[in-house]
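What follows is a short report on a single structure.
A short reminder: the numbers here are calculations on the coordinates, not readings from a lab. In this text, all values refer to a predicted model and were calculated from it rather than measured experimentally. Cβ coordinates were reconstructed from backbone atoms using ideal geometry, including for glycine residues, and neighbour counts include every protein chain displayed.
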Amino acid sequence: MMRRLAMATSLAVGAATVAVLVSGAAQSGIITHSLRRAAAAAKANVLHISSHLAETAQVTVDGKPVTAPGYGSTTTPIAAGHHVLKVTSAHGVNYQGTLDLKEADLMTWKGKGYWCVNLLESSLQPYSKDECQEDVTDAG
């Protein structure tokens, strides 16, 4: 009788241990999945650069070079915060401007977050959320 009781207790403890381990692994998987989704969401934010310049411009965003086609657009990964953009072209465009990107101004479309800026001859023109939506969705 004692042996059966010890064996039953051992099986119950083993089953409980397995249940806790499985539950922990499932929770770990959920947490890992959530962290991956959060990291992917953070990486999905971009700066949509729309150029109203006739020629191709070299844009440096916080030291990272990006090429903006004349009368075209491009995107580059970016996070909320303060950023410095330097804009130059072969035809004499040469200026620097700053952008303060806020989460509240982020426009979301097709799983990405967008902030938008327009390159003019002598300055940057940040877009409102509505202007950004129009520009991004028109571009496809």
- The simple spin-label model distance between ALA104 and LYS64, using points 7 Å out along Cα→Cβ, in nm, is 2.6 nm
- Message: Just to confirm the filter: which trypsin sites (Lys or Arg not before Pro) across region 38-126 are DSSP coil and have at most 12 other Cβ within 10 angstrom of their Cβ?
- Response: LYS102, LYS110
- Message: Restricting to lysines 8 or more places apart or on different chains, can you count the pairs in region 57-140 with Cα atoms under 24 Å from each other?
- Response: 10
- Item | Spacing of the two label points (7 Å from each Cα toward its C-beta) at ALA79 and GLU131, in nm | 2.7 nm
- Task: When a/c is below 1.5 the answer is rounded, else prolate if a/b is larger than b/c, else oblate, so apply that to region 67-112 with a ≥ b ≥ c taken from the square roots of the Cα gyration tensor eigenvalues.
- Result: oblate
- Item | Gain on full stretching of the segment that runs from SER122 to ASP138 - 0.36 nm per residue minus C-alpha separation | 3.3 nm
